[in-house]
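Below is one structure; the comments refer to it alone.
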Amino acid sequence: MTNRSFCVNGIPTTLPVSGSSTLLDALRDGGLTGTKRGCDMGTCGACTVLVDNVPKLSCVTPAAAVEGCRITTVEGLSQIGIGKRLQEAFGKCGASQCGACTPGMLASLVPYLEANPVPTQEGIRAAIGSNLCRCTGYEAIVASAMEVCGVDPEYAAPAPKAGRVIGQPTVKVDAPGKADGRAIYVEDLSFPDQLHGAILRSPNAHARILSLDTKVAQAMSGVHLVLTGEDFTRRYGIFPYVRDEFPLARGKVRYQGEAVAAAIADTIDIARAACAAIIVEYEKLPFALTAEEALKPNAPIIHEVDHRDRPKSDNVANIAKPIHLGDVEGAFARATHIVEGNWQYGGNTHAAIEPHGAIGLMAQDGRLTLYSATQVSHYLRREVAHVLGIPEETLHVIQPTVGGGFGGKSDLFDFEFCAAEAARRLGRPVRFIVPREHVYALHRGRHPVHYHQRMAVDQDGNILAVELVALLAGGAQYSYGFVTRYYVLQLLGPMRIGAFHGEAIRAYTNTAPCGPKRGHGGPQETFALQTALDELGVQIGLDPIDHRRRIALRSGETTVNGFTYGSSGILECLDAVEAASGWRERINNLAPYQGLGASMSSYITGTAWPVNPKTDTVQTIVAIDLLPDGHVVIRTAVNEIGQGVNTVLAQVVAETLGCSLDLIDVHTGDTDLPKDAGAYSSRLTFMAGRAAKQAAEKIREHVGSGRTMTVTGEYVTEEIRGGDYDGSTIGASPAYSTTAYVAEVEVDPHTGIIRVTNIWCAHDCGRAINPTAVMGQIEGSIYMTWAETVLEHMDYNPNTGLHIGPNLLDSPIPVAADTPNIHAIIVESLDPKGPYGAKEAGEGPALGVPAAIANAIFRATGVRVRRVPIRPEDMLAALKRVAQGETHVVIE
Amino acid sequence: MWSLSETRFLIPTTWEQAVVMLANEPGSMPIAGGTDLMPNLRYGLASPSTMIGLTRIARGPMSFMDGGTLVLCGLATMTQLLSDPTVAIHAPELVEAARVLAGPAQRNMATLGGNIALDTRCIWYNRSKRERDGFSGCLKTEGIICRVINGQACVAARSGDTIAPLILRGAVLDVLTPEGERLIPLANAMGKSGLFGPHLALPSHSLIRCVRIPPAPAGWRATYIKVAERSDIDYPILSLAVGGEFEGTRCRFIRVVVSAMMPRPRLHEFTVGERLTREIIERIVQAVARATKPLDNIGNPVRIGFQDWRKHLLAVRLRETLTSL
């Protein structure tokens, strides 16, 4: 290490730097943790800082090379020109959700806006071309840049005011800290005496571990502990009744990237070197990468025993019991029009900008603390305690600021167990920060699903029956597959359907385990349903939006599988996207190869049943302390992951108490706080919001009394608006959101390249408690499934069984310039059960985008797309068939 | 993501000092912008014991005219090329390449010399050690066979955006070696193999100090076309420079450089001598397409038909470009 001088944020600074230190490491090790590490490969832009006022990627800049330069990080941006105003605009416009991209985004924008005081949309999008955002769809970021320059951002104004605090566009309580670098993420935590952990992962898709030799690694100087599969004898699982995973592989590996061993050492470099020194002898086994391959009679068996050690002779992970509702065959016999075929939805992954990470810490009183970037603190505590064999109450899980979840941090992960176990054994803090490449092995992303579908309608377009048979590639573990198998069948709203038959098989495959990603099973199913509906509507000659109006379920109505709408705003949603997109004037006057397509969807507002109905009947408890000085403290374990739940709770309590938001502090994300199940299934606004309102109502009369009081409110599963058949509890929810979409596409007939230019989305979220946050959730959802439709993938090489590129270059996520203009519209159909009528906004708007795009492509080209992602080479081949006179060209 | 192996970091202040350091320090490697090199080092594709950081070298102007020749500093960043009025006048096709290279932050870092010397890329090569262990490496790393062609030649692709327009213009590298200055036409520096080391056929311990672009003929019209999955960040899946000399409507000749397909960019020259008719354009397009064989070393091998589509895309973009020249 050599001491080198820099001028950091205006202050002459000396930092110890080695020849291989990057500027990012030098800054972060020097205490400036505002600059984030997203990929360490110069691809995501989270680490962007200003070097002599020029945005540069600090993770690929050798620190020594910029000695003597002026370095400006997010912590110092407020001193530069419009920096401070831009930071404030980020809060006002909702440009920071998880906040992981924010420091780099600001660093790119500040010099650009200084040089271009009257910026254009295109200019701003180009200026942030190196900065990937995973939350916002870039809309709010662009809007905040324009706002700060006094340019009309052409950004739809959020919803009308509803209450004093409720319904008011509100700066999120954590927004300022995310814009100035104060927010502390797991990697930003640092403890005296801490050790660093690294995990050795399988290079093979399927292999027997013949031997594992850790002797050399253990003898290395600076290595404190090496953990292997032998160190963990208990399995874990997100569902405690189907525990099937060991933290470290035992006997065999079932997918590339499965954790095999962990090394804990003085430095991360030593820990990684120790991993490299572990000698593993593998016997490679044949592998199955797709559900079809895995279910063949002679397929390699991935799990020889099930979670209860019973022998297993096939790769069936989960089967959904056939759901048979109504007279399906009779309906098909009566139908005037039927569509039948195969639909495919490819796998993809969350790719949050912040990789996962955890730190284990042994307190002097013998209590173990685990910091983790998790969405499910309580489930994590339950399973770590189980695997380590310690009482749950002796484990304390703390969730720092989380840099993006989308479902990707809602399972339990190898490194979390390793961090806890190593901290317990060594009595020292142990940190595991997951490298980007390994995030693709943790995965738990969108399941690849193949459907065989039949849909029948009468001459008026009423759906008489739907039959869905789904095949899911589950990856190598159980994970959330227990519920995914049903989600891919049961999200049938907001359509009136006469009869329904559904079956699903989820197969184990030698790929990273799949799990929940935003909309959990819904985008796949909605894609199949809403494109089939479109085909039938065209056959009958119905306008797609009119057709959907005809079959839309209204408040009080019930889906074929028993989901009852406490409120349904789907008609208003359809009206809104029809008007906003200019559908009536445009649909019959489209330019060649331009198309508009519509779709609609419905989603749950939390699961009525928690993952363990035996022990988790109370889903949320919110405590409120009224302090003598008038301050109000909200305490609950809910997981704020950038979606804005902390702000929602503050607003609900402020509204109910009639007090100012400034008087409210929110403490969340800690298992020592009153319990909450976690951030998944779009449940928190509804469930935690209700608990908060209930608690606040108990002390309303005491506000200003000078008394000290603590009250609690809770949400307990009560009346469920769901069906009554095997599996009906999955997807049954206390309330359902509805959404309508219109997508606009242009297809290049010469290349097959598809450009989605605009997406209009009207989402009925019940009461929009924080319209700014709701807009952000809608935009982010739209962005995410648009990207799945045209760009992203989670593909494996059929010859090697390996991921084709676990990095952000080979598995790209979109940049701002390519992201369509997203027009989010809030529709408020108040649900009598929701807090102030609120339902959900975080996931529902993701469901219908792929179908709307596919339907627009049909308008543009005459080609029916039944496969996502849609590739230009396939589009081009299909266009050739159309040109040759084929009439019903389908990409399936 | 992956640890960088420990190195010394030397900071020369003159070109001469830099080449002497390169020659005297065994296992040393120059680094300029670092946007491509640093990820490769993290993947363990090279492990220099000494890095020679070039960005502090005292240098003259980023560009100047030497008679009719445009001389560009090897350390000029893409952003500097974009804002340089001299370059805009004398090498607009290069400016276009600089404009579409990666993303804005990368352009603030990436240098012209670095982009020319960019290591070749391949889906089997740009991989971490753990991943390479899963398929026993390739010819360019620990393996014994090229995974793309199942043979003994490395076909990793030349992916620098600036290379095609520079070859189109007959650019010459002004290379400094410990023995002195050498002028090497860029086209001659392009090795046929994608292997590291010989991937750029330059003398050992040499640095690209300047790039000399001879004057374009009168009536020269040219442009650069890049196709990538995204508008920013990505390396090209197709890199195409097209130029022609025109006298009124009469086209004397057309030159096309195709890159990002193979280790060696391919220069095609067509004498025209008349108006550039649709038929002539088609002949050029077909000739170029016939000679281009995209390999499964760029892009997603699971995408069936992707490489044929890449070739089709080449034809479409070339046709469009020639029509609008």
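The values are calculated or read from the model by the stated rules, or taken from the named source; none is laboratory data. The model shown is predicted, which means the values in this text are computed figures rather than measured ones. Note that each Cβ is placed from the backbone with ideal geometry, even for glycine, and that neighbours are counted across all protein chains shown. Calculation scope for accessible area: heavy atoms of the full protein, side chains included, ligands and nucleic acids excluded. Shrake-Rupley method; radii C 1.70, N 1.55, O 1.52, S 1.80 Å.
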Task: MRE, 222 nm, helices only [DSSP H, n ≥ 4, -39500 (n - 2.57), over the protein assembly as shown, to nearest 500] - done: -8000 deg cm²/dmol
- [ ] Kindly write out, for the range A:725-738 in residue order, the coupling ³J(HN,Hα) from the Karplus curve 6.51 cos²θ - 1.76 cosθ + 1.60 (θ = phi - 60°), rounded to whole Hz, with x marking Gly and Pro.
- [x] 7, 4, x, 5, 6, 8, x, 6, 9, x, 7, 10, 8, 9
Task: Cα centroid separation - the range A:698-776 against the range A:284-329, whole Å - done: 33
TODO: Please name which of A:Ser781, B:Ala164, A:Gly99 has its Cα lying farthest along the dipole of the protein assembly as shown towards the positive end, using unit charges on Cβ (Lys, Arg +1; Asp, Glu -1) and the Cα centre as origin.
DONE: B:Ala164
Task: Label-point separation in nm, A:Arg182 to A:Asn298, each point 7 Å along Cα→Cβ - done: 6.6
Open item on the list: Per residue of the range B:32-49, what does 6.51 cos²θ - 1.76 cosθ + 1.60 with θ = phi - 60° give for ³J(HN,Hα)? Whole Hz please, x for Gly and Pro, Karplus curve as stated.
Closed with: 10, x, x, 5, 9, 5, 4, x, 5, 5, 5, 6, x, 7, 8, 9, x, 8
Task: Most mobile listed residue (B:Thr141, B:Thr14, B:Thr162) in chain B, GNM with C-alpha springs under 10 Å - done: B:Thr14
Task: Average accessible surface area per residue within the protein assembly as shown, 1.4 Å rolling probe, Å² - done: 32
Task: Point-charge dipole on Cβ atoms (K/R +1, D/E -1) for the protein assembly as shown, about Cα centre, debye to 20 - done: 1840
- [ ] Search the structure for amide H atoms under 5 Å from the amide H of A:Ile825, placed 1.01 Å from N in the peptide plane, and list their residues when 5 or more places away or on another chain.
- [x] A:Cys761, A:Ala762, A:His763
Task: Distance from the range A:1-63 to the range B:87-115 (C-alpha centre basis), Å - done: 24
Task: Neighbourhood net charge (13 Å Cβ-Cβ; Lys/Arg +1, Asp/Glu -1) for B:Glu131 - done: +4
Open item on the list: Going by amide H atoms built from the backbone, whose H comes under 5 Å of the H on A:Gly163, apart from near neighbours?
Closed with: A:Gln168
- [ ] Springs between alpha-carbon atoms under 10 Å, Gaussian network over chain B: tell me which of B:Val256, B:Val71, B:Val20 tops the mean-square fluctuations.
- [x] B:Val20
Task: Dipole in debye (nearest 20) - the range A:402-554, about Cα centre, beta carbon charges: Lys, Arg +1; Asp, Glu -1 - done: 780
- [ ] Calculate the mean, over all residues of peptide A:432-444, of how many other protein chain Cβ atoms lie within 10 angstrom of the residue's Cβ.
- [x] 2
Open item on the list: List the residues, sorted by chain then number, that are 5 or more residues from A:Lys252 or on another chain and whose placed amide H is less than 5 Å from its amide H.
Closed with: A:Ile209
Task: Alpha carbon centroid spacing (whole Å) that separates the range A:163-242 from the range A:539-576 - done: 44
TODO: Place a +1 charge on the Cβ of each Lys and Arg in the range B:121-275 and a -1 charge on the Cβ of each Asp and Glu, then give the dipole magnitude about the Cα centre in debye, rounded to the nearest 20.
DONE: 200
Task: Accessible surface of B:Thr249 - all protein chains present, 1.4 Å probe, nearest 10 Å² - done: 100
Task: Positive-end extreme of charge dipole, the range A:449-514 - chosen from A:Ala456, A:Tyr487, A:Cys514 (charges on Cβ) - done: A:Cys514
Task: Furthest towards positive pole of dipole, A:Tyr112, A:Ser130, A:Phe90, structure part the range A:88-157, Cβ charges - done: A:Ser130
Open item on the list: Summing both sides, how much accessible area is buried between A and B? Use a 1.4 Å probe and give Å² to the nearest 100.
Closed with: 5100
Task: Karplus-derived 3J(HN,Hα), 6.51/-1.76/1.60, for each residue of the range A:471-476, Hz, glycine and proline x - done: 10, 10, 8, x, x, 8
- [ ] Could you pull out the GluC sites (Glu not before Pro) across the range A:682-724 that fall in loop regions by DSSP (anything but H, G, I, E, B) with no more than 12 other Cβ atoms inside 10 Å?
- [x] A:Glu718, A:Glu719
TODO: Among DSSP beta bridges lying fully in chain A, give the percent that are antiparallel, nearest 5.
DONE: 75
Task: the protein assembly as shown: mean projected area of Cα convex hull, nm² - done: 44.8
